Structures are given as structure tokens and as C-alpha cells.
Amino acid sequence: MAIALTGSGVGDTLTLAGADSLLAVRNAAVRMARLEADAATALAEQARRWENPEVNGLYNIYNPVNQRWFDAGSEGEVDISLSQPLPIGGQHRWRVRQAEATGRVAIAEADLTLFSQRMELRRLWAKEQASERRVALVGKELESVERIVAAYRRQNASISLVELRRLETLRLSLLAEQGERQQALAEVRMRLALMLGMEDIQVDTGALVVADTNTVDVLRSLVLVPIERRMEASEAEVHLQSAQAWPRVALTLEYDKNGNIGHNFWAAGVTVTLPLWDRNRGGVRAARLEHERQHLELQQAERELQQAVALGRARVEQCRTLCAEAEQLAQWSIEPAERQYLERNISLLELLDHYAAWREAQELLADSQRRLVDAAVELNLAAGIEIIKIQ
């Protein structure tokens, strides 16, 4: 499986496509879900096997004819019987179908787990990029302050000591804030590395692209598939419980050496349980009630899916509008204000206001982009399909 890495080893740049590949093979939740699906598939394979025959042997302790103990000779008696259960009324067939349906439930849940983890990866990816941008914003503001302080020191310009001390204090404050934001970025990257089963990662700085919404195909929803598979399993369970009400039948073959009837006695017979007291009515009723509950759960899930998709679409469009407006607002920089202050055309207070307004606009853009990805992720998770592609 190809992984989109630009190098090898710890700290390589990882693209979102490469992260998806890693997620499919290294994520702990995905791997555990697949193991559960493999286990359910193995149980379905086991259910296809017939019950083993049962062998019963009797050996005489004392022979009253020749007065021998544990007579192993020709006059001793040995009784051997072989019994093979024979399922009737669909007892074997519906047990197999119920196990296969349970296996399909586990497979559907594994697919849903992979899809959910892919969406959470995009959410965390957007958070990492927003955190990285916040670090860069503080760094850019810090560089501007340091250039101003350095310019005054080089020129030995006549500047108010109060202004110089205010700029130096701002510089120290920005350094502390930069350290905090770098720590927050490191924590997000650690969570990403944990999700992808890596020790450390360096993600690609390219922005995520949130595509337009697509139509919803409810039949493809990974949210509904496990419920549908559980309905199939519960329906098979109803038939299986009904089949369990049939008698249990076993074919018996017996050989008796030196028995009461004669030498080398062979016999064949059938063992049948009589369903007088236990007809498994409780098991059948419980299975039918569970099947009805699964049907109600599917109907409720379909209604919730439609409502969640409608609300999710509205939220995505709101975030998309806000993001577009934030992009227009953030189309300016701090360099002009820096030059104006060095030329003494604006005051320190105006410069600090410019810094604050510029940072607020840039962070609003970063937050709006992250919220747009979050809204798209929530919509996809609610729908159970990728209505909006995030790449």
C-alpha cells in the first residue's frame, strides 16, 4: 500500500492521502473493529459445521458365565454405540444464517468505524492547521515588534522610554504566547500521531479543500447499514428459535458383542426428544420482539438521519458564508502600520490597535476555516456517507 510520504523516518511531511492510508492499517480502533469482524466471520464458518458424532462404549466388569473379571476374551461382552445428531426443521440452516448475519453486522460496524475515524482525522487535521497558523501569526507579530525595537536601537532615535519599554514588554508577552501556542500545536500533533500509530509526524501545510455538498443516498449510509444487518440477524434468530421448538433427533448405531439377544448384535435406531413441556415459546417470542425493536430502531435512525442532514447542510452553508467574509476581511497586513510607526506618522497606541485588529481578523479566518471543516465532518458523520469531500 502506497503511503504519501516525502521521505522516511520520524518527522517526515505527511499528506492527508498518506494519513488515510496509515489510518486504514495502523489506527487502533480500526484494527480492533476488523479483528471483531474476523472473529464473527470465523464463528459463521464454525456454525456451518455439523455436530460431532458421539461414541459410547460399555465393557463388562464381571462375566457370570465363566466367572472372570474384565473378560477380554471371546466370551466377554462389549457394547459400542454411535450417535449422530440430525438437525431438522431448519435447525442447522437458520443457525448458519444467523451466524452469517451477525458476521455482516461486525463487517458493517468495522466499515463505519473506519469512516468515523477518517472524518475525525480531518477534524484533527484542520485543528492542527489552525494551531499552526496561530503560531505563525504570533511569530509574524513578534518579528514586527523586534524589527521596530531593533530599528530604534540602531538609529539611537529619540523615542519615549515608556514606548520602548511598552514594546519590549509586548515582545516578551508575544514570546510567552508563542511558547503556549507551540505547546498546543505539539499536543494536537501528538494526537494525530497516536491516531495514525506513529511516534511523530510533520503534516503537509496545504490547506484542506471543502467541496460542495452532494445529494444523499440513504441506501449507502454507513449509519444505517449496521442496523439493517442487525435486523437480518434478528430475523434469522426468529427462524432459529422456531426451529429449536422442533424435536432433537439423533441417529444411533449400536454393536453388542455377547449381549442378551445373541452374539455380534447390530442395531440401528433413532432418538427423538418429545416437546411436551418445553416448546421454546419464550425464546421465539423474545426473538420476535427483538426483531420488532430493530425495525423501530431503523425507522428512527432514518428519521434522525434526514433531520441531521438538513441541519448539517444549513450549518455548513453558514460556515461557508462566514469563511468567505473572513477571507475578505483578512486581506491586509501589518507591514504598512510598522512603516508608518517608524516614520512617526502614527502613535504607539494606533500601532497596537492595528496589531490587535490584524490578529483578530487573521484568527477569525483560521477559526472560520476550522469550523467549516468541523461542520462538514459533522454532516458526513450524521449522514454516514461523505456528502462533502474534505481533501
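Numerical summary
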read-out: Kirkwood hydrodynamic radius (C-alpha pairs) into Stokes-Einstein, segment 305-379, 4 °C and 1.567 mPa s, D in µm²/s; value: 91
read-out: Identified option (computed volume of the Cα convex hull per residue in Å³; candidates (1) 169; (2) 242; (3) 139); value: (2)
read-out: Probe 1.4 Å - accessible area at H263, Å² to nearest ten; value: 150
read-out: Cα→Cβ-extended label distance, 7 Å offset, between A356 and W69, nm; value: 10.7
read-out: Under 5 Å, built H, 5+ apart or other chain: amide partners of R248; value: T273
read-out: Relative packing of 309-315, 279-285, which averages over residues the other C-beta atoms within 10 Å, highest first; value: 309-315, 279-285
read-out: Probe 1.4 Å, accessible area per residue of the chain, Å²; value: 57
read-out: Helical mean residue ellipticity (222 nm; -39500 (n - 2.57) per DSSP H run of 4+; nearest 500) of the chain; value: -23000 deg cm²/dmol
read-out: Heavy-atom accessible surface of the chain: percent carbon and sulfur, 1.4 Å; value: 54
read-out: Cα-Cα pairs of segment 275-344 separated by more than 15 Å (percent); value: 77
read-out: Inter-probe distance in nm under a simple model that places probes 7 Å from Cα toward Cβ, at N264 and S81; value: 2.3
read-out: Segment 40-82: chymotrypsin sites (Phe, Trp or Tyr not before Pro) in DSSP coil with no more than 10 other Cβ atoms inside 10 Å; value: W50, F70
read-out: Theoretical FRET efficiency, 1/(1+(r/R0)^6), r = Cβ-Cβ of Q318 and E163, R0 35 Å, to 0.05; value: 0.25
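The values are calculated or read from the model by the stated rules, or taken from the named source; none is laboratory data. Bear in mind that the values here come from a model prediction, so they are computed numbers and not experimental data. Using ideal geometry, Cβ is built from the backbone for each residue, glycine included, and neighbour counts are taken over all protein chains shown. The protein model used for the area step is the full one, side chains on, heavy atoms only, and it has no ligands, DNA or RNA in it. Shrake-Rupley method; radii C 1.70, N 1.55, O 1.52, S 1.80 Å.
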